[in-house]
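Below: one structure, written as structure tokens.
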Amino acid sequence: MNDRGVDAVRKAVCPGSFDPVTNGHIDIISRASNLFDEVVVAIGVNKAKASARLFTAEERIEMLEKACSDFPNVTVAGFDGLLTTFCEENGIGAIVKGLRAVSDFDYELQMAQMNSSLVDVETVFIPTSPEYSFLASSLVKEVATFGGDVSRLVPPFVLERLTSRLAERAAGGGR
Ligand code: ADP
């Protein structure tokens with residue numbers, strides 16, 4: 001309830017690059033969807049970083065939409081520029097971040113304090129589920145590149161796209 005006595009919609013954002021979405025991301029998004037009325041998964045689509053990505057912005061958005069299709073209060077959007085501007089423009093009051101290890105904390109704390117100094121936004125940290133505490137998109141890509149089994153770490157349709165993208169790359173086809 002806000003200070004005018006009206007029930008306010010509690011909106012949160014789960015930001016990231018999601019290159020590609022992993023089961024660790026989905027766990028955090030699902031838990032955020034239980035805490036908030038609406039959750040927007042915001043995918044960084046910064047063009048300057050595009051060459052560092054395995055998947056295009058459109059591909060990452062498409063995979064996340066599929067991964068989140070079971071959560072009725074979750075939507076997916078691309079964002080470019082400052083996350084705090086995205087929050088302001090979309091009436092979002094909370095940023096949800098998953099914390100995997102103490103090593104995530106230093107940077108995330110600094111980021112949270114910077115963001116709340118820019119606009120009126122809170123950062124909410126959700127501790128990772130133990131089974132995903134080692135999981136990061138970058139590691140999934142690295143392991144899959146060298147033929148490791150990542151089938152328990154990403155949804156089946158992501159595994160399929162990951163395998164074919166890596167095969168294209170290995171064959172020299174690029175993206
Ligand atoms: P990564 O490449 O590290 O997976 P992303 O930018 O795609 O990075 O991740 C977005 C956010 O999702 C991270 O800031 C982190 O809060 C959260 N996250 C990613 N993986 C996990 C995980 N395994 N457990 C909990 N949170 C995670």
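A few points about this structure:
- Evaluation of residue 89 against (1) of a type outside the set (Gly, Ala, Ser); (2) under 15 Å from the mean Cα position of the chain (by Cα); (3) open to solvent by 50 Å² or more (accessible area, probe 1.4 Å) (one fails), failing number: (2)
- Any chance residue 94 is open to solvent by less than 40 Å² (accessible area, probe 1.4 Å), in contact with a helix residue (DSSP H, G or I) (Cβ under 7 Å, 6 or more places away or on another chain), of a type outside the set (Val, Ile, Thr) and at negative phi: no
- Selection status of residue 137, within 10 Å of the ligand (Cβ to nearest atom) and of a type in the set (Ser, Thr, Tyr): yes
- Restricting segment 9-31 to residues that are open to solvent by 20 Å² or more (accessible area, probe 1.4 Å) and closer than 15 Å to residue 83 by Cβ, the residue that is farthest from the ligand (Cβ to nearest atom) is 11.
- Flag for residue 57 being closer than 29 Å to residue 167 by Cβ and open to solvent by 30 Å² or more (accessible area, probe 1.4 Å): no
Matching residues to (1) free of Cβ contacts under 8 Å to residues at least 12 places away in the same chain; (2) closer than 22 Å to residue 125 by Cβ; (3) away from the ligand (no atom under 12 Å from the Cβ):
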| position | (1), (2), (3) |
| --- | --- |
| 33 | no, yes, yes |
| 44 | no, yes, no |
| 52 | yes, no, no |
| 65 | yes, no, yes |
| 94 | no, yes, yes |
| 100 | no, yes, no |
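The values are calculated or read from the model by the stated rules, or taken from the named source; none is laboratory data. Predicted, not measured: the structure shown is a model, and the values here were computed from it. With ideal geometry, Cβ positions are generated from the backbone for all residues, glycine too; neighbour counts draw on all protein chains shown. For accessibility, only protein heavy atoms count, side chains too; no ligands or nucleic acids. Shrake-Rupley method; radii C 1.70, N 1.55, O 1.52, S 1.80 Å.
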